[in-house]
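Colleague: What follows is a structure written as structure tokens; I'll ask about it next.
Since every read-out is calculated from the coordinates, none of them should be taken as a lab result. Everything numeric here is computed off the predicted structure, so don't read it as measured data. Note that each Cβ is placed from the backbone with ideal geometry, even for glycine, and that neighbours are counted across all protein chains shown.
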Amino acid sequence: MLGWAKSMTWKGLHPVVELSRKVYQKGVSLSKEAMQDIEARLVRNPLLPKWDILIQPASLMV
């Protein structure tokens, strides 16, 4: 799966793909402020708002 994801391209660029083996606690949620920061990076397709989401890299956000 990782090899397939690494081989994908978008506008000639390959994604940065890394395997995370970190175990996260269950039941932990973001604060409203933290979630607003994440939501600001999401660009949703109006035809498929739940399924087609472009995530802007944090480095591009000013």
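Colleague: To make sure I understand the rule: partners must be lysines, Cα under 29 Å from the Cα of K22, and not fewer than 8 residues away in the same chain. Which ones qualify?
Modeller: In chain and number order, the partners are K6, K32, K50.
Colleague: Given the DSSP H assignment, sum -39500 (n - 2.57) over each helix run of at least 4 residues in the chain and divide by its residue total; what's the result at 222 nm in deg cm²/dmol, nearest 500?
Modeller: After summing the helix terms and dividing by the residues of the chain, the value is -5500 deg cm²/dmol.
Colleague: Got a sec? Charge dipole of the chain, +1 on Cβ for Lys and Arg, -1 for Asp and Glu; which of Q36, L2, P46 is way out at the positive end?
Modeller: Going by the Cα projections, it comes out as L2.
Colleague: Sorted from fewest to most neighbouring beta carbons within 10 Å, what does the list V43, V28 look like?
Modeller: Exposure proxy ranking, most exposed first: V28, V43.
Colleague: Continuing with the same structure: If you stretched the chain out fully between L54 and M35, how much longer would it get, using 0.36 nm times the residue separation minus the C-alpha to C-alpha distance?
Modeller: Contour length minus Cα-Cα distance gives 5.2 nm.
Colleague: Could you give the distance between the Cα centres of the stretch 32-62 and the stretch 1-20, to the whole Å?
Modeller: Taking the Cα centre of the stretch 1-20 as reference, the centre of the stretch 32-62 is 20 Å away.
Colleague: Over the chain, calculate the relative contact order: mean separation of alpha carbon pairs under 8 Å at least 6 apart, over the residue count, as a percent.
Modeller: 18 percent
Colleague: Over the residues of the chain, compute the C-alpha Rg and express it relative to 2.2 N^0.38 Å.
Modeller: Compared with the compact-globule rule of thumb, the chain sits at 1.39.
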